[in-house]
1. Residues of region 224-240 with the amide nitrogen closer than 19 Å to a label point 7 Å from the Cα of N349, along Cα-to-Cβ, please.
2. Leaving out ligands, DNA and RNA, what percent of the accessible area of region 1-80 is carbon and sulfur, probe 1.4 Å?
3. Considering only DSSP beta bridges whose two residues both sit in the chain, what percent are antiparallel, to the nearest 5?
4. Taking 0.36 nm per residue of separation and subtracting the Cα-Cα distance, what length does fully extending K60 through T102 add?
5. With a/c under 1.5 counting as rounded, go ahead and sort region 275-329 into rounded, prolate or oblate using the C-alpha gyration tensor (a ≥ b ≥ c being the square roots of the eigenvalues; past the cut-off, prolate if a/b is larger than b/c, else oblate).
6. Relative contact order of the chain: what whole-number percent is it, with Cα pairs under 8 angstrom and at least 6 residues apart?
7. Find, among the chymotrypsin sites (Phe, Trp or Tyr not before Pro) in region 254-298, those assigned to loop by DSSP (not H, G, I, E, B) with at most 14 other beta-carbon atoms within 10 angstrom.
8. So between A124 and F204, what do we pick up on full extension, going 0.36 nm a residue minus the alpha carbon distance?
Amino acid sequence: MEEGSVPLEVSSLRQSWPQPARPRPIVIIGAGGIVNDAHLPAYRLAGFPVAGVFDIDADKARSLAAKWDIPAFVTLEEAIATPGAVYDLALPPAAHLSVLPTLPDGAAVLLQKPMGRDLGEASAILKLCREKKLVAAVNFQLRFSAMMLAVGDALERGWLGKLIDTEVHLNLVTPWHLFPFLKGMPRVEIAVHSIHYLDLIRAFLGNPTGVHARTMGHPATYLAQTRTSALIDFDDGVRTTLSINHNHDFGRQFQDASFRFEGSDGAAMVKLGLLLNYPEGEPDELWIAKKGEPWQQVALTGSWFPHAFIGTMSNLQRFAAGEDTVLVTSVEDAWHTMALVEAAFVSANRPATSLERKP
């Protein structure tokens, strides 16, 4: 440690979002695996009241409701009629535009990401939310994970200086069979997975100027894409890269799920433990170092799943109640993440620079 320098007090970093003073009842529309694995565990941990769950598959809704001892609504109309409700739309992206029009004007609603299947649908969702004056956010919950709230806090305190290099690296096996709605979708990896990383990069660095991307499938899967490489451009020359491979099926030893943030004065390394042996996962990790000083591990108080889902719902309810001044993942902001996703797919469909074949 340099003479006169102050050690980083990593235990003081922010890791959670304040909860609403008077939580409103949550109506969950959609009873898929993510509701069982993340939404309901998060709300129970936080003590948020859940009014009930509805799904067009009534048996699925009843089974989930029985497991969590909550009501199952028989009809969508019954679910929407719940007094004072906040609506949690845990739906495939194609379903948002069919459910949003049925909500009361001015309602508070949390949409499962992505915000539609493409930028056209995202724009239609944004227009509809504006017309109905919905208090609407998209569930980009990685921003609210303990590890990323801490990284954001470290950046705000100036511990890392100016971000210069950011990298996302995944080399693992993802159990895509847990997400049957993805089968047949023309856009998969970037649209439903790497969208989290693109959104987080925007949160820390702002909107980029452009993106170079390739995304493709794998012989071992029926999905349209499970591997992605991307380079994101910013005006000030920050290098931002993604290398994503969901098909490394050769044991745990060389699997990896990490975020690297390097600044002018310090660096942070994040292990996305959830993704290793998903959905059981491993513990998340965060390490921070100032230049010339040893790495320090930050003792995390929560994991990405389910704890980060408390944050998105808390921010929505607090904003609706006037307790928060900013709706962090509002549909207005989320549209820009969808624009980045769209640009990545457009880039991926363009030919690479050809090589000269003769001297």
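The values are calculated or read from the model by the stated rules, or taken from the named source; none is laboratory data. Nothing here was measured: the structure is a model prediction, and the numbers come from that model. Positions of Cβ are backbone-derived with ideal geometry, glycine not excepted, and every protein chain shown enters the neighbour counts. Note: areas computed on protein heavy atoms with side chains; ligands, DNA, RNA excluded. Shrake-Rupley method; radii C 1.70, N 1.55, O 1.52, S 1.80 Å.
1. 224-231
2. So the carbon and sulfur contribution to the accessible surface is 52 percent.
3. 60 percent
4. Values: separation 42, 0.36 × 42 = 15.12 nm, distance 2.17 nm.
Extra length available between K60 and T102 comes to 12.9 nm.
5. Details: a/c = 3.73, a/b = 1.51, b/c = 2.46.
Since a/c reaches 1.5 but b/c is at least a/b, the shape of region 275-329 is classed as oblate.
6. On the way: 719 pairs, mean separation 79.6, N = 359.
Value for the chain: 22 percent.
7. Details: sites: F254, F259, F261, W287, W295; in loops: F254, W295.
Sites meeting the loop and neighbour criteria: F254, W295.
8. Additional length available on full extension: 26.2 nm.
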